[in-house]
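Participant: Before I ask anything, here is the structure I am working with.
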Amino acid sequence: MSATQNNHEHTNTPSGDGGAIVLGFSGGLDTSFCVKYLNEDKGYDVHSIIVNTGGFSEDELKKIEEHAYKLGVKTHTAIDAVKGYYDRIIKYLVFGNVLKNNTYPLSVSAERLVQALHIADHVKAVGAKAVAHGSTGAGNDQVRFDMVFHIMIPEVEIITPIRDLKLSREAEIEYLKKKGVDMNFEKAAYSINKGLWGTSVGGKETLKSKGILPEEAWPTQVSKSESQEVRLRFEKGELTGVDGKTFNHPSEAIQYLQAIAGPYGIGRDIHVGDTIIGIKGRVGFEAAAPMVILKAHHALEKHVLTKWQLSWKDNIASFYGNWLHEGQILDPVMRDMEAFLQSAQQNVTGDVFVQLMPYRFQIIGIESEHDLMNSRFGKYGEMNTGFTGEDVRGFSKIFGNQTAMYHFLNKG
């Protein structure tokens with residue numbers, strides 16, 4: 001998996017007696033606490049790493065790096081994982097038209113796995129004796145990170161201060177203030193996680209079974225009111241162009257489409273799902289580009305694939321999405337299913353026309369040289385040119401022959 005990496009060493013940080021530890025770092029409260037606790041209380045040399053899967057600008061990454069060094073990390077590394085994230089996971093979610101519970105495009109769960117894999121690689125590069133992450137004991141991420149680490153770096157100790165110490169937000173803030181840390185401790189009303197494949201939004205409305213996020217809670221506000229038609233170009237299942245503009249990598253096409261569709265408020269929803277640890281949860285999300293891409297790709301597939309290709313793809317993609325959500329990206333069966341999904345995309349090439357409107361969109365149609373809805377073979381409900389009525393009469397009798405025998409012999 002290719003990645004762009006920036007690494008700097010802060011030579012003024014005193015070495016601890018606990019050895020080197022790699023910390024997955026976001027710059028937020030939990031991971032800020034982890035730096036201070038691991039360095040000053042436990043004596044580790046903390047090597048922080050942030051894996052950007054499409055949620056941070058260059059300016060934001062610079063500020064996070066500065067914050068990390070102020071906290072006392074020995075080195076800080078930024079990984080640009082956007083293209084690798086697409087190549088490793090997102091393209092297969094598109095090939096499979098994967099929506100968890102027919103709703104959620106696996107925005108956060110997919111990117112956590114890429115982050116965990118990069119962190120594990122960094123542990124090897126640093127030669128660290130331990131790895132840490134800021135997960136609490138209440139969600140899916142703790143399982144995803146732990147499981148990847150157990151598989152990729154089994155000899156390395158996993159340390160999770162927030163989970164292990166059962167810390168409240170208030171306790172973390174009090175600790176950091178005593179350590180002289182200057183940062184914004186004001187808790188935002190909503191927890192937002194942005195990435196290439198969507199943005200999750202959590203708040204008081206998602207903590208119970210009834211409630212919808214208010215307009216102001218959505219990161220992308222609705223600013224477009226006039227409908228707009230866009231033409232999406234797919235090449236073997238991958239988005240390569242938007243309105244005639246071509247891109248060097250599909251991740252760039254996704255970001256371009258997001259800029260167009262996001263201001264319509266498209267792709268907003270609430271996902272209700274089963275967590276890996278057995279409890280149900282609700283989370284809001286906005287994913288304009290992912291939802292448009294998945295529906296457009298599926299529309300093209302319905303035209304160019306056979307019914308049994310579509311049927312088996314549905315079965316495989318359902319399992320693939322569920323297993324990915326539960327952190328099992330390293331199970332070899334995933335490579336087997338990816339091979340099938342990739343093979344099924346050989347003729348998924350063409351243009352899909354989509355009408356964008358405030359809060360919704362619709363597929364207008366497709367154009368493809370592989371379109372099986374071809375007038376040379378007949379028009380549905382009107383006439384056919386490839387067979388006769390007598391052919392159909394005989395086929396219908398043979399096709400139901402065994403069922404007819406069953407009912408004749410078992411009349412009573």
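The values are calculated or read from the model by the stated rules, or taken from the named source; none is laboratory data. Fair warning: this is a prediction, and the values are worked out from it, not measured in the lab. No Cβ is skipped: glycine too gets one built from the backbone with ideal geometry, and neighbour counts run over all protein chains shown. Heads up: the accessible areas ignore ligands, DNA and RNA and are worked out on the full protein's heavy atoms, side chains in. Shrake-Rupley method; radii C 1.70, N 1.55, O 1.52, S 1.80 Å.
Participant: Of all residues being among the hydrophobic types (A, V, I, L, M, F, W, C) and open to solvent by 20 Å² or more (accessible area, probe 1.4 Å) in region 1-28, which is modelled with the lowest pLDDT? Just the residue, please.
Facilitator: Of all residues in region 1-28, those among the hydrophobic types (A, V, I, L, M, F, W, C) come to 1, 3, 20-23, 25.
Retained after the next criterion (residues that are open to solvent by 20 Å² or more (accessible area, probe 1.4 Å)): 1, 3, 20.
On the way: MET1: 42, ALA3: 48, ALA20: 97.
Looking at residues that are among the hydrophobic types (A, V, I, L, M, F, W, C) and open to solvent by 20 Å² or more (accessible area, probe 1.4 Å), I get MET1.
Participant: Output the qualifying pairs, or none if there are none: Cβ atoms under 8 angstrom, residues six or more apart or on different chains, first residue in region 88-103 and farther than 21 Å from HIS249 by Cα, second residue in a helix (DSSP H, G or I) and hydrophobic (A, V, I, L, M, F, W, C).
Facilitator: Filtered contacts from region 88-103: LEU99/LEU294.
Participant: Out of the residues in region 362-389 that are at pLDDT below 90 and either aliphatic (A, V, I, L, M) or assigned to a helix (DSSP H, G or I) (or both), state the one that is surrounded by the fewest Cβ atoms within 10 Å (Cβ to Cβ). Steps first, answer last, please.
Facilitator: Our first condition is that a residue be at pLDDT below 90; within region 362-389, this holds for 374-389.
From the residues that got through so far, the ones that are either aliphatic (A, V, I, L, M) or assigned to a helix (DSSP H, G or I) (or both) too are 375-377, 383, 389.
Details: SER375: 10, ARG376: 6, PHE377: 11, MET383: 8, GLY389: 8.
By that ranking, first place goes to ARG376.
Participant: Turning to a different aspect of this structure: Consider region 177-195. How many of its residues are open to solvent by less than 40 Å² (accessible area, probe 1.4 Å), under 17 Å from THR31 (Cα atoms) and touching a helix residue (DSSP H, G or I) at 6+ places or on another chain (Cβ under 6 Å)?
Facilitator: 2
Participant: List the pairs whose first member sits in region 341-355 and is in contact (Cβ under 8 Å) with a residue 40 or more places away in the chain and under 12 Å from GLU235 (Cβ atoms), whose second member is among the acidic types (Asp, Glu) and open to solvent by 10 Å² or more (accessible area, probe 1.4 Å), and whose Cβ atoms are under 6 Å apart, counting only residues at least 6 apart or on separate chains?
Facilitator: These pairs meet every condition: THR349/GLU235; GLY350/GLU367; ASP351/GLU367.
Participant: Only one of (1) open to solvent by 60 Å² or more (accessible area, probe 1.4 Å); (2) closer than 30 Å to GLY262 by Cβ fails for HIS150. Which number is that?
Facilitator: The failed condition is (2).
Participant: Next question. From the residues in region 95-113 that are open to solvent by less than 10 Å² (accessible area, probe 1.4 Å), in contact with a strand residue (DSSP E or B) (Cβ under 7 Å, 6 or more places away or on another chain) and part of a helix (DSSP H, G or I), which one is farthest from ARG268 (Cα to Cα)?
Facilitator: GLU111
Participant: Taking the conditions exactly as written (in contact (Cβ under 8 Å) with a residue 60 or more places away in the chain, under 25 Å from the mean Cα position of the chain (by Cα) and open to solvent by 40 Å² or more (accessible area, probe 1.4 Å)), does ILE316 satisfy them or not? Full working, then the answer.
Facilitator: On the way: in contact (Cβ under 8 Å) with a residue 60 or more places away in the chain: yes; under 25 Å from the mean Cα position of the chain (by Cα): yes; open to solvent by 40 Å² or more (accessible area, probe 1.4 Å): no.
For ILE316, the condition - in contact (Cβ under 8 Å) with a residue 60 or more places away in the chain, under 25 Å from the mean Cα position of the chain (by Cα) and open to solvent by 40 Å² or more (accessible area, probe 1.4 Å) - is not met.
Participant: How many residues does region 233-243 contain that are under 18 Å from VAL98 (Cβ atoms) and not charged (D, E, K, R)?
Facilitator: Number satisfying all stated conditions: 3.
Participant: Against the conditions (1) part of a strand (DSSP E or B); (2) free of Cβ contacts under 8 Å to residues at least 12 places away in the same chain, where does ALA125 fall short? Just the number, please.
Facilitator: For ALA125, the exception is condition (1).
Participant: To continue, here is another question. Please report, ordered by residue number, the strands (runs of 3 or more DSSP E) entirely within region 196-257 with at least 2 residues that are under 18 Å from the mean Cα position of the chain (by Cα), surrounded by 18 or more Cβ atoms within 10 Å (Cβ to Cβ) and of a type in the set (Val, Ile, Thr). Explain how you work it out, then say what you get.
Facilitator: Working: elements: 198-202, 228-235, 238-242.
Correct list: 198-202.
Participant: Being over 26 Å from GLY19 (Cβ atoms) and either more than 18 Å from the chain's Cα centre (by Cα) or open to solvent by 50 Å² or more (accessible area, probe 1.4 Å) (or both): is that true of ARG163 here? Walk me through how you get there before you give the answer.
Facilitator: Values: over 26 Å from GLY19 (Cβ atoms): no; either more than 18 Å from the chain's Cα centre (by Cα) or open to solvent by 50 Å² or more (accessible area, probe 1.4 Å) (or both): yes.
Here the answer is no, as ARG163 does not meet what is asked.
Participant: Quick one: which residue in VAL354, VAL304 is over 21 Å from the mean Cα position of the chain (by Cα) and closer than 23 Å to GLY267 by Cα? Please lay out each step first, then the result.
Facilitator: Values: VAL304 fails: closer than 23 Å to GLY267 by Cα.
Exactly one residue qualifies, and that residue is VAL354.
Participant: A further question on this structure: VAL73 versus (1) closer than 23 Å to GLY19 by Cβ; (2) in a helix (DSSP H, G or I); (3) open to solvent by less than 40 Å² (accessible area, probe 1.4 Å): which is the lone unmet condition?
Facilitator: (2)
Participant: Quick one: which residue in HIS297, HIS407 is surrounded by 14 or more Cβ atoms within 10 Å (Cβ to Cβ) and part of a helix (DSSP H, G or I)?
Facilitator: Unique residue meeting the criteria: HIS297.
Participant: Could you tell me whether GLY327 is within 30 Å of ALA217 (Cα to Cα) and either in a helix (DSSP H, G or I) or open to solvent by less than 30 Å² (accessible area, probe 1.4 Å) (or both)?
Facilitator: Numbers: within 30 Å of ALA217 (Cα to Cα): yes; either in a helix (DSSP H, G or I) or open to solvent by less than 30 Å² (accessible area, probe 1.4 Å) (or both): yes.
Spelling it out, GLY327 is indeed within 30 Å of ALA217 (Cα to Cα) and either in a helix (DSSP H, G or I) or open to solvent by less than 30 Å² (accessible area, probe 1.4 Å) (or both).
Participant: Do any residues in region 237-256 that are over 26 Å from PHE340 (Cα atoms) have Cβ atoms under 6 Å from those of residues that are modelled with pLDDT of 95 or more and assigned to a helix (DSSP H, G or I), where the two are at least six apart or on different chains, and which pairs are they?
Facilitator: Correct list of pairs: VAL242/ALA253; VAL242/TYR256; VAL242/LEU257.
Participant: Then there's this: So, VAL181, is that one touching a strand residue (DSSP E or B) at 6+ places or on another chain (Cβ under 8 Å) and either in contact (Cβ under 8 Å) with a residue 12 or more places away in the chain or not in a loop (DSSP other than H, G, I, E, B) (or both) or not? Talk me through it step by step, then tell me what you get.
Facilitator: Values: touching a strand residue (DSSP E or B) at 6+ places or on another chain (Cβ under 8 Å): no; either in contact (Cβ under 8 Å) with a residue 12 or more places away in the chain or not in a loop (DSSP other than H, G, I, E, B) (or both): yes.
The answer is no for VAL181.
Participant: Sticking with this structure for a sec: It is to be established whether one or more residues within region 277-286 are of a type in the set (Gly, Ala, Ser) and open to solvent by less than 10 Å² (accessible area, probe 1.4 Å). Before the answer, list the steps.
Facilitator: First, the residues of region 277-286 that are of a type in the set (Gly, Ala, Ser): 278, 281, 284.
Narrowing further to those that are open to solvent by less than 10 Å² (accessible area, probe 1.4 Å): 284.
Yes, there is a match, as at least one residue in region 277-286 is of a type in the set (Gly, Ala, Ser) and open to solvent by less than 10 Å² (accessible area, probe 1.4 Å).
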